[in-house]
Every structure is written in structure tokens, then in C-alpha cells.
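For reference, the structure is listed below as C-alpha cells.
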Amino acid sequence: MARRTSSTWPDPSPEADPLVCALCQRETPALTQHHLMPVLQGRRKGIKVQDLPTVGFCSACHGYVHTTFSNADLAGPYGTLEALSAHDGVVRFVKWVRKQPMTKAVKVK
């Protein structure tokens, strides 16, 4: 029988930078990658998936963005982080979500 060795994965190094959501600026244990241009629209334009620009969002912000905006909106007028951040609905959501603890499961409608 093989001998088990202790693993260092995930790396518990305390000097690692905390993960911060690009939209709400909250520290989070995990980020999801949001494609600023949706994958389908990028492929239609001949852009490889790995070449599409991405930003890290917490799961609450990522869910809100995809619930609020269509892929056409995300490929067009809201295709940048600045444009998303300036939208009135996003501003209200970010103001609210910043008050929520990261341990709270946020449901987006």
C-alpha cells in the first residue's frame, strides 16, 4: 500500500494576497472569472476563448451581472468594467452587497 504524504495544497501561505472582487471590492475566499465579452459573441468574432478579457467577480456580483444583462448587452454597451460599474442597477446592488457578510448566501433574482 502506498504511503500517504502530507500535502501543501492549497497553499496555506499567510503572505498570499487576499482575493478581491473587481465589482464590489469585497475580500472573498474565491473568485469566478467573468468574460467581459461573452464567449459566444467572442467566438463569432473569431476571438479565441483564452484571448477574451476577464475580470474576477465574487459569486454574488457574477450572478447579478448575468441575471441583469443579456449577452448582447455585455458584448455591446456594458462590455467594460467601467460601463458595468456606472449602471444605476449595479451601483445600487454593489452598495447593498458591500453590507452583506461573505458568509451570507446572496440570491439574485
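Rule-based calculations on the coordinates, nothing more; no lab input. Since the model is a prediction, treat every value here as computed from it, not as a measurement. Ideal geometry is used to build each Cβ from the backbone, glycine not excepted, and the neighbour counts take in all protein chains shown.
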Helix axis angle, 59-68 relative to the chain longest principal axis, alpha carbon, degrees: 20
For the stretch 89-104, 3J(HN,Hα) per residue [Karplus equation, 6.51 cos²θ - 1.76 cosθ + 1.60, θ = phi - 60°, Hz, x = Gly/Pro]: x, 5, 4, 5, 5, 5, 4, 6, 5, 5, 7, 8, x, 5, 6, 7
Answer label, with mean projected area of the Cα convex hull in nm² calculated from the coordinates and candidates (1) 11.2; (2) 7.0; (3) 10.5: (3)
Phi-based couplings in Hz for the stretch 71-84 (Karplus 6.51, -1.76, 1.60; Gly and Pro marked x): 4, 5, 5, 5, 7, x, x, 10, x, 10, 5, 5, 5, 4
Amide proton proximity set for Leu19, modelled H, under 5 Å, gap of 5+: Thr28
The stretch 28-68: C-alpha gyration tensor shape, a/c 1.5 cut-off, then a/b vs b/c: oblate
Total formal charge among the other residues, if their Cβ is under 13 angstrom from that of Lys95, Lys/Arg +1 and Asp/Glu -1: +3
Added length on full extension, which subtracts the Cα-Cα distance from 0.36 nm per residue, Asp88 to Val39: 15.1 nm
Residue among Ala83, Ala22, Ala75 with the largest mean-square fluctuation in a Gaussian network model of the chain, springs linking Cα atoms under 10 Å: Ala83
Net charge contributed by nearby residues that have their C-beta within less than 13 Å of Gly56 (K/R +1, D/E -1): -1
